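Q: The structure that follows is given in the form of structure tokens.
Derivation of every value follows stated rules applied to the coordinates shown; laboratory data play no part. Here the structure is a predicted model, which means the values were calculated and not measured. Because the Cβ atoms are built from the backbone with ideal geometry, glycine has one as well, and the counts that use them run over all protein chains shown.
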Amino acid sequence: MEALKRVKDFLSKQNPPVEVIVLNADTSTAPLAAKALGVEVGAIAKTIVAVGKSKAVLVVAAGDVKLDFKKLKEITGEKMRLARAEEVEELTGFKPGGVCPFALEKPLLVLIDESLERFPLVYAAAGSPNSAVPITVPRLLEITGGQKCRVTE
């Protein structure tokens, strides 16, 4: 559980600290996380890693929307693709199904999609396939240093 501990340590240093929820249920996909947390799928802040020829980005979007690669190219300046599982783990320090948008292994540009703004509280993965971080979008932007944009359909 090193990744979960890294997230908890990172969040405990925030002012004010942010809580992590550890569940006895699988939260590795947006639908599973929504079911485990009793919220709609859109309130799950799914974290997607996209890579191009010279850069990688982290996209955080509502669990009920799809990434628009044309919009992503407009923002990043290059054609991007979904990262493979090993690339995700190498870049973020998290395995797919538990990718947290902060406490990253390597610094990445974080794009926070406007699709999340529909919800007063969203739930991001906390480094494991059975954890979540309840957080507001403004606080998510603050903690990640992310850029608000629209990169979904």
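Q: List the pairs whose first member sits in region 90-102 and is more than 15 Å from V60 (Cα to Cα), whose second member is assigned to a helix (DSSP H, G or I) and not polar (S, T, N, Q), and whose Cβ atoms are under 9 Å apart, counting only residues at least 6 apart or on separate chains?
A: G93/E2; G93/A3; G93/R6; K95/A3; K95/A85; K95/V88; K95/E89
Q: Quickly run through region 59-88 and pick out the residues that are more than 14 Å from A45 (Cβ to Cβ) and crowded, with 18+ Cβ neighbours inside 10 Å.
A: Answer for region 59-88, where residues must be more than 14 Å from A45 (Cβ to Cβ) and crowded, with 18+ Cβ neighbours inside 10 Å: L72, T76, M80, A83, V88.
Q: If you don't mind, another one. Taking L91 as the residue in question, decide whether it is part of a helix (DSSP H, G or I) and under 17 Å from G146 (Cα atoms). So that I can check it myself, show each step before the final result.
A: Numbers: part of a helix (DSSP H, G or I): yes; under 17 Å from G146 (Cα atoms): yes.
Spelling it out, L91 is indeed part of a helix (DSSP H, G or I) and under 17 Å from G146 (Cα atoms).
Q: Anything in region 118-134 that is crowded, with 23+ Cβ neighbours inside 10 Å and touching a Leu at 6+ places or on another chain (Cβ under 8 Å)? List them, or say none.
A: First, pick out the residues of region 118-134 that are crowded, with 23+ Cβ neighbours inside 10 Å: 122-128, 131-133.
Those that are crowded, with 23+ Cβ neighbours inside 10 Å and touching a Leu at 6+ places or on another chain (Cβ under 8 Å): V122, Y123, A124, A126, G127, S128, S131, A132, V133.
Q: Let me ask something else. List pairs: first residue in region 22-36 and more than 15 Å from P134 (Cα to Cα) and touching a residue at least 12 places away in the same chain (Cβ under 8 Å), second residue assigned to a helix (DSSP H, G or I) and of a type outside the set (A, V, I, L, M) anywhere in the structure, Cβ distance under 8 angstrom, at least six positions apart or on different chains.
A: Close Cβ pairs (under 8 Å, with a partner that is assigned to a helix (DSSP H, G or I) and of a type outside the set (A, V, I, L, M)) amount to A25/K35.
Q: Quick check: anything in region 108-117 farther than 23 Å from V7 by Cα, surrounded by 21 or more Cβ atoms within 10 Å (Cβ to Cβ) and either under 11 Å from the mean Cα position of the chain (by Cα) or touching a residue at least 12 places away in the same chain (Cβ under 8 Å) (or both)?
A: The answer is yes; a qualifying residue exists.
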